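This report refers to the structure that appears directly beneath it.
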Amino acid sequence: MSAETKVHFTNADQQQLVGLLQEAGSKEVCILCHGFADTKEGGFLPGLAAALAAEGQSSLRFDFSGNGESEGEFVYAGYWKEAEDLRAAVQWLKQQGRPTVGIAGTGSD
């Protein structure tokens, strides 16, 4: 059985990013990234997190800055900013003693 917990961490611009950590028993975590103008709760990410959890794999999905519950302003084609947000997620997990085992993403749904 897995549990989902809302988590908060900051990016390089000190904006608060909001994520959902799906605990499934593994120390390693797979990061799931939403597509253009979407959120951590949109598209197929919740289903993918559930499928990973069923296999014992924990995951983190989060809202990029300017999307969903995360702070910041939405920027079209802000790929460099999203890369920095992803770096913040990896660093946050590392601080929790949780290595990143994989990163998966999606385009527009």
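The values are calculated or read from the model by the stated rules, or taken from the named source; none is laboratory data. This structure is a prediction, so every number in the text was calculated from the model and none was measured. We place every Cβ from the backbone using ideal geometry, glycine too, and count neighbours over all the protein chains shown.
Would a scan of the range 33-48 turn up a residue that is closer than 16 Å to residue 104 by Cβ, in a strand (DSSP E or B), at pLDDT 95 or above and in contact with a Lys or Arg (Cβ under 8 Å, 6 or more places away or on another chain)?
yes
Does the range 49-77 hold any residues that are part of a loop (DSSP other than H, G, I, E, B) and either under 20 Å from residue 92 (Cβ atoms) or in contact with a Cys (Cβ under 9 Å, 6 or more places away or on another chain) (or both), and which are they?
57, 63, 64, 65, 66, 67, 68, 69, 70, 71, 72
Before we move on, is residue 68 surrounded by 16 or more Cβ atoms within 10 Å (Cβ to Cβ), in contact (Cβ under 8 Å) with a residue 40 or more places away in the chain and farther than 17 Å from residue 107 by Cα? Talk me through it step by step, then tell me what you get.
On the way: surrounded by 16 or more Cβ atoms within 10 Å (Cβ to Cβ): yes; in contact (Cβ under 8 Å) with a residue 40 or more places away in the chain: yes; farther than 17 Å from residue 107 by Cα: no.
No, not satisfied.
Of all residues in the range 34-52 being free of Cβ contacts under 8 Å to residues at least 24 places away in the same chain and over 12 Å from the mean Cα position of the chain (by Cα), which is surrounded by the fewest Cβ atoms within 10 Å (Cβ to Cβ)?
47
Starting from residues that are in a helix (DSSP H, G or I) and either in contact with a Lys or Arg (Cβ under 6 Å, 6 or more places away or on another chain) or of a type in the set (Lys, Arg) (or both), keep the ones in the range 78-109 and report whichever is farthest from residue 20 (Cα to Cα).
Filtering first and then ranking leaves 81.
Quick one: is residue 86 aliphatic (A, V, I, L, M), within 14 Å of residue 9 (Cβ to Cβ) and crowded, with 18+ Cβ neighbours inside 10 Å?
Yes, satisfied.
Condition first: without any contact (Cβ under 8 Å) to a residue 12 or more places away in the chain and in contact with a Leu (Cβ under 9 Å, 6 or more places away or on another chain). Now tell me which residues in the range 1-32 satisfy that.
Matches in the range 1-32: 8 only.
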